[in-house]
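Q: A single structure is presented below for examination.
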Amino acid sequence: MDEMQVVEFVATYLKKKGFSEAENALQAEIQRTKNNSSSSSSNNNNNAVDVLNDPELSKFFRSLSESEDSPTRYQDEYSKLRSWTYSSLDLYKHELLHVLYPVFIHCFMDLVAKKYIQEARTFFNTFREDHEMLHLRDLQKLEGVLSPSHLEEMEFAHSLRHNKVNIKICQYSYELLLQYLHKTQSTTMLGIINERINFQVSPGQPSTISDDAEVVSLIGSNQDAANQINQKEVRWGLLEDSIENRLEKMGGLLSDFEKAEGENKEADMDENKKRTAEGGKQGASVKKLKKEKATSATAKAARPEANVTPMAPRVKSELALPVMPIEVEQSILEDLRNRVQLSSVALPSVSFYTFINTHNSLNCASISHDGSLVAGGFSDSSLKIWDMAKLGQQTGNSVSQGENDTTPSEDVLGATGAKRSYTLFRGHSGPVYSATFNPLGDFILSSSADSTIRLWSTKLNSSLVCYKGHNYPVWDVQFSPVGHYFASASHDRTARIWSMDRIQPLRIMAGHLSDVDCLQWHANCNYIATGSSDKTVRMWDVQSGDCVRIFIGHRSMILSLAMSPDGRYMASGDEDGTIMMWDLSSGRCVTPLMGHTSCVWSLAFSGEGSLLASGSADCTVKLWDVTASTKVPKTEEKSGNPNRLRSLKTLPTKSTPVYSLQFSRRNLLFAAGVLSKS
């Protein structure tokens, strides 16, 4: 091998591995050498490096000349990289561990692409346990890749192969990694890391483990494209002619609040007089009185804090909104006037509805806005609705939902011979996965594995419309805040906008790489948010159907979403139990909320937006202080303190995973779940 052959080999290698800058520098050096060769040939011969006899270079080129397609190289080099990473200093280890997962999946896919199918399966099964905790769903998808054609046919694998992974890492961790790769001459690992990973190197100390949610961007997502989309303007304000806006102009909320305060003062004075008149326990009475005064002062100090929040801007609706009957409007105004003002020192009352004897067939639960109706969707394709007022009249004892529902074929009578405690709706031909009441409670929508959505009347107790459009199971359906319009999310990776009076969808939102699992309307009805198994949340413009935001940061599928009443923030909950609060205007995560130990199935903001409630499969409801998270001091913001959103209270159930949460207009929190025998 002469010198020119070596140079050409190196240039080809650099081009193949994507080292474009090094390749350009080499080509420029070759050109410069050719230009100077005639004038300084003798000097060059004396000073040239003997590439054939130099032992270090010979060793390097020998490693390059070995068959790069050898499958054992992938196994050996990855195994060594893994061992080195796990033996690194604890300070840098958790950053270096982020590199292993993308390297692992790309080693596997490279082996498949080179038709080493058996070796690829061996490699996959040997190291998959390292990544199952955080990436189980991804691994289950990749498990189905059995030939090179699958890499192109499977959209998830195709996306992984054509996009780089973004990893945040400190300068020292980055240098440690490069030193290891060069020292051990792990050319295969070096090539994969260079070609597949985009390092965002930052000076200073490594990130803390609590910040990990934002360190690694979703595998397969194009961060640059997401950043470009997030530059679009989002008009997150409230509707100009909303009832809340009219009430605010009238000053109804303020006057009633002052009125309530006045009534409380009068009650306090009466109570104080009674206490002073009582004898015997006067010392204890005075102590208690002081304590209550302190609590009252704390509450008063907390109240103005909510009022300092800047008023949300007003926007016009892009949809033709339905006309609301006057009596309904009056009823809603009355509810809003009597709304309880919640804060970190004034937590809501909770009414929990527990389903029992469901025989593991309950898939979803939904509660009407006033808590008077509770619906359950079942695996036997039925939808059942309980009227809370009538439920109490069935028997003298307290009857829980489903208590008399012991047989699937039960139509008129319960197990005890009494009239059944629910209304049965049949029409779907597959399990019912979601149900949602309209704001007035006179209609309910249900979605099913049969790929349809059905509209039911709670007054007539009958099916009105069957909406067809999705090709696969429909996981979620949600009415808009004004009713009439609704949105659906499906296994076919799309979300669709519908109106009650049309059987075809008005808009189709396509862009997610996997199932769309949940969705939520924005308060002004101009946007919807969708959560997906691809670990991203997207926000869509209802009028144009365009994606206007991509929120990246979750590490597992998104199961629940909630929008703040002022339309400024969004909360999302995932399969791992992590909740993230997002700023819609910037598309950035305000703070992650850590506390749940299992799937977060439901999220709900209180009426004034000061509290967030979360319901989880870990059988708890948690209440979070939203105001504390959105008012972050600049010093704290720079330090990146992850505990900005305060967990106010955890409400455990005996053994009931929480399926659904709903704040009433008066700020009573309703929750529903099914009793788990385990």
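The values are calculated or read from the model by the stated rules, or taken from the named source; none is laboratory data. No experiment lies behind these values; they were computed from the predicted model shown. Cβ placement follows ideal geometry from the backbone for every residue including glycine, while neighbour counts extend to all protein chains displayed. With ligands, DNA and RNA removed, areas are computed over all heavy atoms of the protein, side chains included. Shrake-Rupley method; radii C 1.70, N 1.55, O 1.52, S 1.80 Å.
Q: Go over the candidates CYS589, CYS518 one by one and state the one that is at negative phi and in contact with a Leu (Cβ under 6 Å, 6 or more places away or on another chain). Walk me through how you get there before you give the answer.
A: Working: CYS589 fails: in contact with a Leu (Cβ under 6 Å, 6 or more places away or on another chain).
It is CYS518.
Q: I'd like to know if region 647-657 contains one or more residues that are touching a helix residue (DSSP H, G or I) at 6+ places or on another chain (Cβ under 6 Å), more than 21 Å from ALA346 (Cβ to Cβ), modelled with pLDDT under 90 and surrounded by fewer than 22 Cβ atoms within 10 Å (Cβ to Cβ). Quick ask: steps written out before the conclusion?
A: Our first condition is that a residue be touching a helix residue (DSSP H, G or I) at 6+ places or on another chain (Cβ under 6 Å); within region 647-657, this holds for none.
No, the conditions are met nowhere in region 647-657.
Q: Among the residues of region 154-164, is any of a type in the set (S, T, N, Q), at pLDDT below 85, assigned to a strand (DSSP E or B) and under 26 Å from the mean Cα position of the chain (by Cα)? If you could, list the steps in order and put the result at the bottom.
A: Pass one, region 154-164, residues of a type in the set (S, T, N, Q): 159, 163.
From the residues that got through so far, the ones that are at pLDDT below 85 too are 159, 163.
Those left that are additionally assigned to a strand (DSSP E or B): none.
The answer is no; no qualifying residue exists.
Q: Where residues in region 446-455 are farther than 12 Å from LYS468 by Cβ and modelled with pLDDT of 95 or more, which of them is nearest to the chain's Cα centre (by Cα)? If you could, list the steps in order and put the result at the bottom.
A: We begin by selecting, within region 446-455, every residue farther than 12 Å from LYS468 by Cβ; these are 446, 449, 455.
Still in the running and modelled with pLDDT of 95 or more: 446, 455.
Values: SER446: 23, LEU455: 28 Å.
Selected residue: SER446.
Q: Also: Between a first residue in region 584-600 that is of a type in the set (A, V, I, L, M, F, W, C) and a second residue that is open to solvent by 30 Å² or more (accessible area, probe 1.4 Å) and assigned to a loop (DSSP other than H, G, I, E, B), which pairs have beta carbons less than 6 Å apart while being 6 or more apart in sequence or on different chains?
A: Here the result reads LEU584/TRP236; CYS599/GLU575, each pair linking region 584-600 to a residue that is open to solvent by 30 Å² or more (accessible area, probe 1.4 Å) and assigned to a loop (DSSP other than H, G, I, E, B).
Q: If MET500 passes every condition in (1) of a type outside the set (Asp, Glu); (2) touching a His at 6+ places or on another chain (Cβ under 6 Å); (3) crowded, with 19+ Cβ neighbours inside 10 Å but one, which one does it miss?
A: (3)
Q: Here's another thing I want to ask about it. Of the numbered conditions (1) over 13 Å from VAL658 (Cα atoms); (2) within 26 Å of the chain's Cα centre (by Cα), VAL350 satisfies every one except a single condition; which is it?
A: Here VAL350 meets the rest and fails (1).
Q: Let me confirm something: among HIS484, HIS491, which residue is of a type outside the set (S, T, N, Q), open to solvent by 30 Å² or more (accessible area, probe 1.4 Å) and more than 19 Å from the chain's Cα centre (by Cα)?
A: Details: HIS491 fails: more than 19 Å from the chain's Cα centre (by Cα).
One residue alone meets the criteria, HIS484.
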